[in-house]
């Protein structure tokens, strides 16, 4: 990554206890200030590359108001992970480094009618079956066998294709962002190499921080009882959460267009940037529009991928409990992305304006009434699913009243505190597996080294991260979810 040495920590101006600003004077090229949403404790622990990257984002053409970093922010490619920026749709840019290579990586939360007592005797059996039914790890391939031409149909239709093919229910789409399909996807804008990498990966978790987890709702962790009840959550309930994206398909699209943008950015559009990882093109340009259409193909692949995984989860629970999925209450609560660019309308200087919101390791957090919120949730705001580490727990939030400050964005997870290499050097995966099982968390992983990389010690305190966004008002706590069984990529 284009990291610079001898970085200096900027002087942060305190806006309030959970919002900190880096003024435009920090770098002469900055067009807007940068803002970090986090408690002082988290800000004090952030590595210097985060400050460098988010202030580089603030130099990009057409950026509006601020460059934002969420409390789970850590260094990434181009943008920090946890980075948010909105660009003028006419005069601004689009940048793969502001979206991420795992395009439309996201979270899906599934409810059940089952309680902890129902599931506890079957936990190992469930996790083992899920491990077998949902392929994980680098290069894993799914049970859905497609030709490349069939895959081109998938990347245009997304979750709709999966449901129409028998891998889900119509109501799943109503509880998915964009109803599970990004309109305007164009398969002709995707390279054959991307097709080659993606066409066999539908229904797979992948590797890294991707996982499938069985969780329990504890009474003491329900923060908003009224909303939890309305959304179908109750004490000692078993829920399933999983995290994955567009796999090698999205990665190849990002790689292809990064190179395209590097070739035209300066020569054709006279755009100069501080970090080549922020390669971009005008959003309204032919290259910018081609990438946006290709990105939507990866969005749709990811929705289809998660939909097929949900189908497999329903199969496993039905086989284990000898009941159909509907009787077991295996209803999707929501599916939400944290790596995507979206064309949205926001109030800018008193007027409604169309902007291109980049969220890279950041989640859409829409308050009540926004058109992005599915009808079922529009009165209260969008559900926000935040994955924590496999040792500490995850959260369900709701869009907060102050979310428009960040173009309706919030955090996406805990945020790493150390590199994967550091984690492997500090933690033994086989030992961690045994320790977790002794604490009541049964985990299956493709590799012990991958397990070590995802240890709780590798991540920030999820409770402190969530407290930051809750107190800042950009999203509000509904409930924490405690891990019981985990399939790791």
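Key figures for this structure:
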| read-out | value |
| --- | --- |
| Evaluation of residue 485 against (1) crowded, with 24+ Cβ neighbours inside 10 Å; (2) in contact with a helix residue (DSSP H, G or I) (Cβ under 9 Å, 6 or more places away or on another chain); (3) closer than 30 Å to residue 357 by Cα (one fails), failing number | (3) |
| Failed item in (1) closer than 30 Å to residue 321 by Cβ; (2) assigned to a helix (DSSP H, G or I); (3) touching a residue at least 60 places away in the same chain (Cβ under 8 Å), with residue 53 passing the rest | (1) |
| Segment 64-123, subset out of contact with any strand residue (DSSP E or B) (no Cβ under 6 Å at 6 or more places or on another chain) and assigned to a helix (DSSP H, G or I), residue surrounded by the most Cβ atoms within 10 Å (Cβ to Cβ) | 96 |
| Filtered residues of segment 7-50 (kept if part of a loop (DSSP other than H, G, I, E, B), buried (at least 22 other Cβ atoms within 10 Å of the Cβ) and touching a helix residue (DSSP H, G or I) at 6+ places or on another chain (Cβ under 8 Å)) | 18, 38 |
| Members of segment 142-159 found to be farther than 19 Å from residue 184 by Cα and not in a loop (DSSP other than H, G, I, E, B), listed by number | 148 |
| Residue within segment 380-392 that is under 18 Å from residue 210 (Cβ atoms) and surrounded by fewer than 16 Cβ atoms within 10 Å (Cβ to Cβ) present | no |
| Residues of segment 391-425 classified as in contact with a helix residue (DSSP H, G or I) (Cβ under 7 Å, 6 or more places away or on another chain) and under 18 Å from residue 450 (Cα atoms), total | 10 |
| Residue among 337, 285, 302 that alone is surrounded by fewer than 21 Cβ atoms within 10 Å (Cβ to Cβ) and in contact (Cβ under 8 Å) with a residue 12 or more places away in the chain | 285 |
| Residue 131 within 30 Å of residue 19 (Cβ to Cβ) and either at pLDDT 95 or above or surrounded by fewer than 22 Cβ atoms within 10 Å (Cβ to Cβ) (or both) | no |
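The values are calculated or read from the model by the stated rules, or taken from the named source; none is laboratory data. For clarity, every value in this text was computed on a predicted model and none was experimentally measured. Positions of Cβ are backbone-derived with ideal geometry, glycine not excepted, and every protein chain shown enters the neighbour counts.
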